[in-house]
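Chemist: Mind looking over this structure? Questions follow.
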Amino acid sequence: MRFFLVFCSGFLFMQITTQASPTPLPVPKAVRIEGASRRKEVWNRLSQKEKQLAYHLLQAGRLGKDLLFLQNHRHGLLLKTFFENSLSKEAIEKTKKTLGLSGYKEFLVYAAKFLDQSGPYSSSNRKYVLKKVSSSKLNQLLNTYLSESSVTTKDEIQKLLLDEKYEVERQPEDPKGTGLELTGGNLYEKGVTGREVQEALGKGLESGLNCQIRKVEGKLICEKHTIKSLGIVGERLLEVTQHLKKAKDLALTPEQENQIESTIRFFEGGNVEDFRKANIAWVKDRSNSVVDFMMGWVEVYEDFLAKIGSWETYVQVVDPEVSKQAQALAGQAQYFEDRMPYGKFKKKFAKDYSPPAMMVYYFQEISSYRTGGYNLPNFDDIRRDVGAKNVIRLPLPGESESKDIQDLWKEVYDAFAPPEKKASLLKNREKAWRVLVLLHEIIGHGSGTYDESKFKKNEDPISALGSLASALEEQRADLTALVFGGDPILVKVGIYQDEKEAQEISQAQYDLYLVDFLRRTSGQRTFTEAHQRGHWLFVHKLLKRGAIEWTFKKPILRVKDYKLFHQVALDTLEELQRIKANREEEALKTLFETQAPLAAIKEPWAQSIIERGKDLKINAGYVEQPWQINSKLEFEAFGKETLESIAPFFSKMSAEGKYVVTN
């Protein structure tokens, strides 16, 4: 689990409209480059053995990234090769000449975003589309750099990049899978329909984390990914396990060795029970391994059934000193649980219960989108019986204080913050966000029980409740942070200096939450992503209760009553926990359909927010300056901090595998 109406004259009213056809995202005008020097500083802190371990984990992660490209689109790996080759040192000037300056600039940004997010889709479930590159010029490039691919494949790739109506979404946004055959994601074989999936499930089809649903002789099957899989999947997993076997001999603790060994068995045999064992060992290792990792098919946000996991790799470096604060917070889990509005569904932790919590530098993050932290495993029985591990992302050294980061947020506040709040938000942003993530991951996701009689043995309630439950769970964790963000216990554990600071940061959290909702709306241009759908639900409730209001001159959300804001958060937290605990599937569906409708993105207020934020630099995201660890365990960076200078080195972010995709 990861931390990621019409409004008129200040009053709220809702108009339910029919969801229009999805619209692709325009390619950003530019994208920020995250320099490699800060990551190098983290690398140089490691011992020789830690570097050796990290090297093999990083190589395994880069090889595994090909599996994510393949999950995100059936042509994902071909396009990866296409962009790397067409922008290589030898080809980049020819590509620029072919496309012309404006087309080339757009193509360059598109390629950078594609390679960064491992496919054509953003976290909002929308693809980017090229508008300044003509069909004929793109065809020239495809014929040059994908010469061995079939005409059909190249035609589909061209439509993916240029056609505003073709495979706009990665996955269907209807819980029943309506329109699955029109989407571009590759968790389900192209052409399989949502109705076919539902019928097959009714006849006994079982989906799972490491599946692709395919049609074989007219029947849907779950094809598990293992080293024995045909083609690129089997080859990459074999290469991944070879590096993991070398990493196993370098494990920093016995539990980390167990984690690596179980992960290898999972990739070799495909039995999810081995992945469960890997997760248990990872939790038990706590923060004892300075180089920590998570690898495999993990989160299920990108499956409309919330069953199939997306490939992820996190290789992270633990900061032991800073982690003491997170661990102190984790030790207060029972304090928070006793104050939750959960009724009979409160947990009773063991007297010495203190779930592992650590502050880390993300050294390698391979995922469909970036996160501020995560809380795993997602197996609820393991969370209940063993515990969960909380990972909180630290900014790389010097990142928070850098002028370019400060300027990004100033631009956001100019667009979406009440003028009188800007100075306070700039001052308190980093700490308010840190506290939100700490409480979200460590306390929120780990809280509450449920009626086990309503679920199968070892069944995860979120998977059982379907895709809307991901939005419920992420918002439940957010609400925990908003309810307890100013609690006096945070002074006791050392997060705040005194209660005055606690109150100041808590109010800043509320202000920032509204700004962030507007900023995300402007960037994602949809409410479909799980975290944003939950935010939209809560914002609607705040408006309806009068805790927040719209300003008149330009639509900006302002907190009207901080105490009422807190009460609405408490009441919504109670409601979401009740739905989860009692498996109230119809209540969940009705709640989001009526109070967080996707169609509201077409309303005038939302469109004005999108228009105002269309050129915000923060919405364009960032890509990493290419880097790698060489065989001598030396950190190497390539290019400079401009997009054109790093483009010829995009391939440096990939590990060299033996298998080449050509079709």
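Chemist: Helices (runs of 4 or more DSSP H) wholly in region 175-291 with at least 3 residues that are touching a Pro at 6+ places or on another chain (Cβ under 8 Å) and modelled with pLDDT of 95 or more - which ones?
Modeler: Because the criterion is at least 3 residues that are touching a Pro at 6+ places or on another chain (Cβ under 8 Å) and modelled with pLDDT of 95 or more, the helices (runs of 4 or more DSSP H) in region 175-291 that meet it are 272-284.
Chemist: Would you check which residues across region 401-411 are within 21 Å of the chain's Cα centre (by Cα) and within 15 Å of Trp433 (Cα to Cα) and list them?
Modeler: Within region 401-411, Ile405, Trp409 meet the criteria.
Chemist: Is there a residue being under 22 Å from Gly119 (Cβ atoms) and either assigned to a loop (DSSP other than H, G, I, E, B) or of a type in the set (Asp, Glu) (or both) anywhere in region 156-163?
Modeler: There is at least one residue in region 156-163 that is under 22 Å from Gly119 (Cβ atoms) and either assigned to a loop (DSSP other than H, G, I, E, B) or of a type in the set (Asp, Glu) (or both).
Residue by residue, here is whether (1) more than 22 Å from the chain's Cα centre (by Cα); (2) assigned to a loop (DSSP other than H, G, I, E, B); (3) closer than 20 Å to Ile157 by Cβ holds:
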site	(1), (2), (3)
Lys29	yes, yes, no
Leu53	yes, no, no
His56	yes, no, no
Ala60	no, no, no
Leu63	no, no, no
Phe69	no, no, yes
Arg74	no, yes, yes
Val109	no, no, yes
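To keep it simple, each residue is scored yes or no on (1) open to solvent by less than 10 Å² (accessible area, probe 1.4 Å); (2) in contact with a His (Cβ under 7 Å, 6 or more places away or on another chain); (3) among the aliphatic types (A, V, I, L, M); (4) not in a loop (DSSP other than H, G, I, E, B).
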position: Asp407; (1), (2), (3), (4): no, no, no, yes
position: Lys421; (1), (2), (3), (4): no, no, no, yes
position: Lys431; (1), (2), (3), (4): no, no, no, yes
position: Ser447; (1), (2), (3), (4): yes, no, no, no
position: Tyr450; (1), (2), (3), (4): no, no, no, no
position: Ser453; (1), (2), (3), (4): no, no, no, yes
position: Lys456; (1), (2), (3), (4): no, no, no, no
position: Glu459; (1), (2), (3), (4): no, no, no, no
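Chemist: Still on this structure: Any idea which residue in region 222-240 is nearest to Val300 (Cα to Cα), counting only those that are hydrophobic (A, V, I, L, M, F, W, C) and open to solvent by less than 60 Å² (accessible area, probe 1.4 Å)?
Modeler: Only one residue tops the list, namely Cys222.
Chemist: Follow-up question, since we're still on this one. Condition test on Lys159, is it over 30 Å from Gly218 (Cβ atoms) and surrounded by fewer than 21 Cβ atoms within 10 Å (Cβ to Cβ)?
Modeler: Judged against the criteria, Lys159 is not a match.
Chemist: Any chance you could count how many residues in region 373-404 are within 27 Å of Arg520 (Cα to Cα), out of contact with any Asp or Glu (no Cβ under 6 Å at 6 or more places or on another chain) and surrounded by fewer than 17 Cβ atoms within 10 Å (Cβ to Cβ)?
Modeler: Final tally of qualifying residues: 7.
Chemist: If I filter region 2-22 for residues that are among the basic types (Lys, Arg), at pLDDT 95 or above and either closer than 29 Å to Ile264 by Cβ or assigned to a loop (DSSP other than H, G, I, E, B) (or both), do I get at least one hit?
Modeler: Checked against the condition, which is being among the basic types (Lys, Arg), at pLDDT 95 or above and either closer than 29 Å to Ile264 by Cβ or assigned to a loop (DSSP other than H, G, I, E, B) (or both), region 2-22 yields no hits at all.
Chemist: For region 123-148: of the residues being of a type in the set (Gly, Ala, Ser) and open to solvent by 10 Å² or more (accessible area, probe 1.4 Å), which is farthest from Gly523 (Cα to Cα)?
Modeler: Restricting to residues being of a type in the set (Gly, Ala, Ser) and open to solvent by 10 Å² or more (accessible area, probe 1.4 Å), the top hit is Ser147.
The values are calculated or read from the model by the stated rules, or taken from the named source; none is laboratory data. Source: prediction; values computed, not measured. Positions of Cβ are generated from backbone atoms using ideal geometry, with glycine treated the same way; all protein chains shown enter the neighbour counts. Calculation scope for accessible area: heavy atoms of the full protein, side chains included, ligands and nucleic acids excluded. Shrake-Rupley method; radii C 1.70, N 1.55, O 1.52, S 1.80 Å.
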